[in-house]
Every structure is written in structure tokens, then in C-alpha cells.
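Following: one structure in C-alpha cells, then a few remarks.
The values are calculated or read from the model by the stated rules, or taken from the named source; none is laboratory data. Quick caveat, the model's predicted, so the values are computed rather than measured. Here the Cβ positions follow ideal geometry from the backbone for every residue, glycine too, while neighbour counts run over all protein chains shown. Heavy atoms of the whole protein, side chains included, go into the accessibility calculation; ligands, DNA and RNA do not. Shrake-Rupley method; radii C 1.70, N 1.55, O 1.52, S 1.80 Å.
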Amino acid sequence: MEHLIPDVEAVNRQPELLAIRKNLVGLTRKEIAAALVEGGEAEKSAKMRARQLFHWLYYRGASDFGDMTSISKDMRARLPDNFTVDRPEITNLQTSTDGTRKWLVKFPDGQEVESVHIPEEDRGALCVSSQVGCTLTCSFCHTGTMKLVRNLTPGEIVSQMMIARDTLGEWPSPKGNRMISNIVMMGMGEPLLNYENVAKALTIIMDGEGISLSKRRITLSTSGVVPKIRQCGEELGVNLAISLHAVSNDVRDILVPINKRYPIKELLDACRDYPASNNARRITFEYVMLDGINDSPADARELVRLLKGIPAKVNLIPFNPWPGSPYKRSSNNAIHRFAKIVNDAGYSSPVRVSRGEDIMAACGQLKSASKKERASKRRAVAS
Ligand code: SAH
Ligand code: SF4
């Protein structure tokens, strides 16, 4: 079963470490101060400078030292010798007919991930990626078919938010309504297998002097990396979503293979103990509706039984197909029959409306398209 746990060494080989000028995006105030001292700044003034830089970076969204007018001219001129505040490149930006936007973001080593903004009337959620690809191989998920995987750095995670705000013109951090009012860690990758970097990124995003997004507006979705669930609740206190998708270990082993390592009972016990959950802040159980696989009334009744004692809500996700996917979406009838049983038992069970399907931005469809295009070009050249 060891193959279910990725080669952490390999996924952590972070190419930015080789960069000569240090990128300050993704550093906490303390780390910025330490970097300044390393670059020759006196210890005494480093803390204050770090605070100013933090403000410009994350509150105002500055992407150029030249714009940071409260910092002395002399220092503004010197900072670029050792540091950058560069964003990753946006290699593609698509907008769906329903307003959903998808960014293809490219990092300096050429690796790419996708982020998606799902707008609603007076708010919107940004779906953020935590890894390039995913080491887990859930059989219904497009990201799980990507070969190449590495962890994203804290800076690469935070900068997805920054890029989206650049596009939407949402700087400085608004006090009132925001177009990006929520973050869901539901993009590419398994966030709890890159916990340290995700935690640091979210800590920066939550910081009141910067982007300042409350933990109540952040949801982390996991396929069930049980040992990290408690830590996430204690340290971050964000909302938790669990990709359950099946009510028996036999079926879940196939759909979500990490279940072989952390089966349903252990997963649900971790949910019962999740420090940040209560009746006001329920755990979301995501359940992808797959025709003839997990969508019977008996499955719905078993789900209700399993959730007993957990402050829970259920999110039913009609399966989003992708090229070559082995499953079919459940019929509307089956989905509504299932929803009614769960709802009648007292659990809210909305059916997730699929957004951005026309640009392959819906749940589980993310897989950097350019990679596919390049691969098919290579095949065309080879033949
Ligand atoms: N790795 C994390 C977060 C990313 S996936 C996790 O698995 O929870 C975000 C959600 O989309 C998960 O609930 C995932 O199971 C679901 N999903 C994946 N592929 C899907 C598909 N093809 N159709 C619908 N939902 C899918
Ligand atoms: Fe990874 Fe989540 Fe997709 Fe499973 S559903 S392969 S854990 S991204």
C-alpha cells in the first residue's frame, strides 16, 4: 500500500530554490524580515520594513517595488538587487458563458496549474490548486490522470489568489463585498499531502494586514488524508470538505484509492473529532453521482447512517465527464431521489450546479490543457 503515499522528496524538489533573486510572494512577515537581514538590512529596521512590504504585497497587491511609495526611494531602488515580487505567468485565461473564469498559470520551471473563479451575485469563490497534478488516482478525476506531480510552494498557492485579484481589479483588499469572498482548496492536487505549504499560504491569506480573508470563508477539500485532518483543524480552523463519494469500502477503494490506507470508519472518526466543526460550521461531504455505481436509494440510506453524530451537510456533485472518463453521470431522477432521502433525514443536500463546463472548469475536469496539446502535437510529429 506504500505506493499510495507519494515520494515526498521528489514532489518537494522546488525549483525556485535555485533562483538567484528571492521572490517575496509567499513569505510571512517574519520570513520577509529574515530575508531582508540576509540581504544586508539592519536587524533593527528589518521588522518595520517587512511590515511595510507585507502591506504593499498583500493588502495593495503591488507587483513592482517602484510602486511602494511609503518605502524610501533609496531602498526601493536597492530591493530589486536581491528580491522580486513577480507573479507567475498567465498562459491562458478563459471565460465561460456563465461568467466562470479559468486561469492557466505557469511557474518559472514551466509547470502549470489551473485556478477557477465562480462568480455569484455579490460574492464568488476562487478554486485554488495545491499541487501540479495529484499523486492520488481517484478513478473519476481528470487531475488524477496527470503523470507529473510536484507540490506547489506557498508563494505559488498565494499567487493564484493574487493573479485572480489582478484580473478582477480587486486591490486593495476591500472591506465590504468581494468578488473573491471565498476560497476553496478544490483545484488540482490533494492539499493535505502538501500540508505545510498550504498551511503557510492560507495563514498569509488570512492575515488581517493583508488579503484578510476569514477562516470561515476558506474550505479545504480532502480525499481523506486522516492523520492531517486534526492538524488542519487545530492550526488553521478552516472549513472542511470530505470527498466521500461511496458508503462501502469496496466501492470507495476503487473510486478513492487512498481509502485502502484510511478506510471509511477512520475517516469519519477523524471528522467527529474535527476541532473546527460544530452545528454552525458543518463538515461538507462531497458525493459525486455516478450512474449505477453509488447512486441507489440504499446508498443514500447508508450515507445517512454513516453521518450520524457528525455536524454534516452533503454536497451532491453530478459527475463531470472528461475525455476518456470511465463513468456516466447519474440521471436527474436518481440524483433527486438520493437527495430527498438524505434531506428527509435532516441533512442539507444541495445538488451542485455545474459551472464553467464549456471551458472544462467544472469539478474534476482540471488538467492543464496545454500539456495535453503538447503531447498530442508530439504524437502527431512522431507519426
Ligand atoms: N484533492 C481534493 C481536492 C480537489 S478535487 C479532493 O479530492 O477532495 C475537488 C472535488 O471535485 C472533490 O470532491 C473531487 O472528488 C471532485 N471531483 C473530482 N473529479 C470529479 C468529476 N469528474 N466530476 C465531479 N466531481 C469531481
Ligand atoms: Fe487527487 Fe482529489 Fe482528484 Fe482524487 S479527486 S485524484 S485526491 S485531485
Scanning segment 282-325 for residues that are open to solvent by 50 Å² or more (accessible area, probe 1.4 Å) and assigned to a loop (DSSP other than H, G, I, E, B) gives Arg282, Asp291, Gly292, Ile293, Lys308, Gly309, Pro321, Pro323, Gly324
- Task: Look at Ile283 and say whether it is in the same structural domain as Gly237 (by TED's automatic domain parsing) and away from ligand 1 (no atom under 11 Å from the Cβ).
- Result: yes
Those residues of segment 267-281 which are without any contact (Cβ under 8 Å) to a residue 60 or more places away in the chain, over 20 Å from Ser139 (Cβ atoms) and either surrounded by 15 or more Cβ atoms within 10 Å (Cβ to Cβ) or touching a Gly at 6+ places or on another chain (Cβ under 7 Å) (or both) amount to Leu268, Ala270, Cys271, Arg272, Tyr274, Pro275, Ser277
Those residues of segment 145-155 which are in contact with a helix residue (DSSP H, G or I) (Cβ under 9 Å, 6 or more places away or on another chain), outside any loop (DSSP other than H, G, I, E, B) and within 16 Å of ligand 1 (Cβ to nearest atom) amount to Arg150, Asn151
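I'm checking my understanding of the structure. Among residues of segment 357-368 that are touching a strand residue (DSSP E or B) at 6+ places or on another chain (Cβ under 6 Å) and within 17 Å of Ile118 (Cα to Cα), which one is farthest from ligand 2 (Cβ to nearest atom)? Outline the logic, then answer.
Start the filter on segment 357-368 by keeping residues that are touching a strand residue (DSSP E or B) at 6+ places or on another chain (Cβ under 6 Å), which leaves 359, 361, 363, 366, 368.
Filter once more, so that each one left must be within 17 Å of Ile118 (Cα to Cα): 359, 361, 363, 366.
Values: Ile359: 18, Ala361: 14, Cys363: 9, Leu366: 8 Å.
Step by step, filter segment 357-368, then rank; the result is Ile359.
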Counting only residues in segment 237-250 that are within 14 Å of ligand 1 (Cβ to nearest atom) and outside any loop (DSSP other than H, G, I, E, B), the one nearest to Pro297 (Cα to Cα) is identified as Ser243
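Tell me, which strands (runs of 3 or more DSSP E) lie completely within segment 66-138 with 3 or more residues that are away from ligand 1 (no atom under 16 Å from the Cβ)?
It comes to 89-95, 101-106, 112-120.
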Taking the conditions exactly as written (over 25 Å from Arg60 (Cβ atoms), in the same structural domain as Leu104 (by TED's automatic domain parsing) and free of Cβ contacts under 8 Å to residues at least 12 places away in the same chain), does Gly144 satisfy them or not? yes
Here the qualifying pairs (Cβ atoms under 6 Å; residues six or more apart or on different chains; first in segment 70-95 and among the hydrophobic types (A, V, I, L, M, F, W, C); second buried (at least 16 other Cβ atoms within 10 Å of the Cβ) and assigned to a loop (DSSP other than H, G, I, E, B)) come out as Phe83/Leu24; Val85/Leu24; Val85/Val25; Val85/Ser63
Residue pairs qualifying under the 9 Å Cβ cut-off, at least six apart or on distinct chains, with the first in segment 167-189 being not assigned by TED's automatic domain parsing to the domain that holds Glu121 and the second being away from ligand 1 (no atom under 16 Å from the Cβ) and at pLDDT 95 or above, are none
In this structure, does Tyr262 turn out to be assigned by TED's automatic domain parsing to the domain that holds Ser139, in contact with a His (Cβ under 6 Å, 6 or more places away or on another chain) and aromatic (Phe, Trp, Tyr)? no
Looking across segment 172-211 at residues that are open to solvent by 50 Å² or more (accessible area, probe 1.4 Å) and within 20 Å of Thr28 (Cβ to Cβ), the single one that is nearest to ligand 1 (Cβ to nearest atom) is Glu196
Checked Lys328, Lys340 against criteria (open to solvent by 60 Å² or more (accessible area, probe 1.4 Å), modelled with pLDDT of 85 or more and farther than 15 Å from Asp291 by Cβ); the one match is Lys340
Gln160: passes all of (1) away from ligand 2 (no atom under 14 Å from the Cβ); (2) in a loop (DSSP other than H, G, I, E, B) but (2)
Across segment 100-113, the tally of residues that are without any contact (Cβ under 8 Å) to a residue 40 or more places away in the chain and over 25 Å from Lys22 (Cβ atoms) stands at 0
